[in-house]
1. As I understand it, the value is the acute angle between the Cα axis of helix 248-258 and the longest principal axis of the Cα atoms of the chain; what does it come to in degrees, rounded to 10?
2. Place a point 7 Å from Cα of D19 in the direction of its Cβ. Which residues in the stretch 61-101 have their backbone N less than 15 Å from it?
3. Ignoring everything except DSSP H segments at least 4 long, calculate the 222 nm mean residue ellipticity for the chain; use -39,500 (n - 2.57) per segment, divide by total residues, nearest 500.
4. Over all alpha-carbon pairs in the stretch 126-275, figure out the percentage whose distance exceeds 18 Å.
5. Could you work out how far helix 111-122 tilts from the main Cα principal axis of the chain, as a 0 to 90 degree angle to the nearest 10?
6. How many lysine pairs are close in the stretch 36-180, with Cα atoms under 25 Å apart and the two 8 or more places apart or on different chains?
7. Quick one: which residues, 5+ away or cross-chain, put their amide H under 5 Å from the amide H of R265? H built at 1.01 Å from N.
8. What area, in nm² and to one decimal, does the C-alpha convex hull of the chain cast on average over all directions?
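The values are calculated or read from the model by the stated rules, or taken from the named source; none is laboratory data. As the structure is a prediction and not an experimental result, all values here were calculated from the model. Here Cβ is always computed from backbone atoms with ideal geometry, including for glycine, and neighbour counts include all displayed protein chains. To get the accessible areas, we keep the full protein, side chains included, count just its heavy atoms, and leave off ligands, DNA and RNA. Shrake-Rupley method; radii C 1.70, N 1.55, O 1.52, S 1.80 Å.
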Amino acid sequence: MTKHRFLEDSCFECPMCKDKQENYCFKHATTTYNGIKMNGHINGNLDIHTFGGYSNTYVCHQRFVFKLPDDMPLEKAGPLFCAGITMFEPLYNHGALEGKKMNIGIAGIGGLGTMGIKLANKMGHTVTAISSSERKKDLALGKGAHNYVAMSNKESVSGNMASLNLIIDTVPVHHDIKPYMSLLAPGGTLVLLGAVAKDYDLSLMDLIPMRNVTCSVVGGTRVTKEMVKFCHENEVYPDIDIITADKLNDVWGELQKVGNASSTRYVLDIKASLK
């Protein structure tokens with residue numbers, strides 16, 4: 001069993017909750033990290049915000065608890081409820097599981113991006129990895145991308161203009177999204193995942209012909225169940241490295257040094273850490 005990586009309660013009454021898309025709850029879902037217990041379906045000290053996944057005990061509504069397949073590796077299941085559902089949700093919502101072959105772009109080749117490449121590949125689509133330079137080409141192709149676009153290379157961009165039905169943009173900082181729009185085929189959609197506060201510069205002309213821009217955040221219980229089922233049946237898992245608590249400072253230093261050059265998700269083994 002495992003609980004939802006990001007949610008532990010919601011209002012259950014708004015249209016989104018009734019459709020089991022609690023991540024878009026109109027009254028604001030209670031999050032796992034520093035969430036406010038405002039919806040009345042969980043007990044515990046209601047004056048204290050939620051403490052996150054490393055709490056000794058945790059109280060959440062049964063709606064947000066999922067039974068995992070017996071043979072699913074537990075150490076790989078945790079990251080599925082973060083990177084996995086974050087990438088699966090926009091793929092699911094934009095038709096990637098409806099049987100029609102698509103050309104799908106994944107922008108940003110890090111922990112999220114490589115998971116998106118794996119998912120889109122296993123769904124049977126042609127996958128184009130998109131990054132700022134050629135530096136991550138081997139990584140992206142090794143995870144299942146069929147094509148690679150380096151945005152700093154004008155020929156690379158021009159050679160792939162109007163070719164993609166869907167682009168999932170995982171870049172976590174403010175950036176110019178207009179070049180990505182040029183890669184979209186008519187009717188294509190750019191999905192932004194990075195929680196960037198600054199407004200993007202985009203005009204109506206950038207939406208011609210029939211191009212769309214939207215965003216996504218984690219996933220609700222309905223899509224999360226589909227994600228678990230798909231990843232289990234197709235053996236799609238994130239790249240992980242299991243560590244103990246005494247290695248946390250080393251890992252943090254490594255992340256500071258390599259930035260987003262790696263696709264690895266670090267998994268903390270709490271039981272081993274307490275020995």
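1. 10 degrees
2. So the set is 89-95.
3. -7500 deg cm²/dmol
4. Looking at the stretch 126-275, the distances longer than 18 Å represent 69 percent of pairs.
5. Value to nearest ten degrees: 70.
6. 28
7. Long-range HN contacts for R265: D239, I240, D241.
8. That works out to 15.8 nm².
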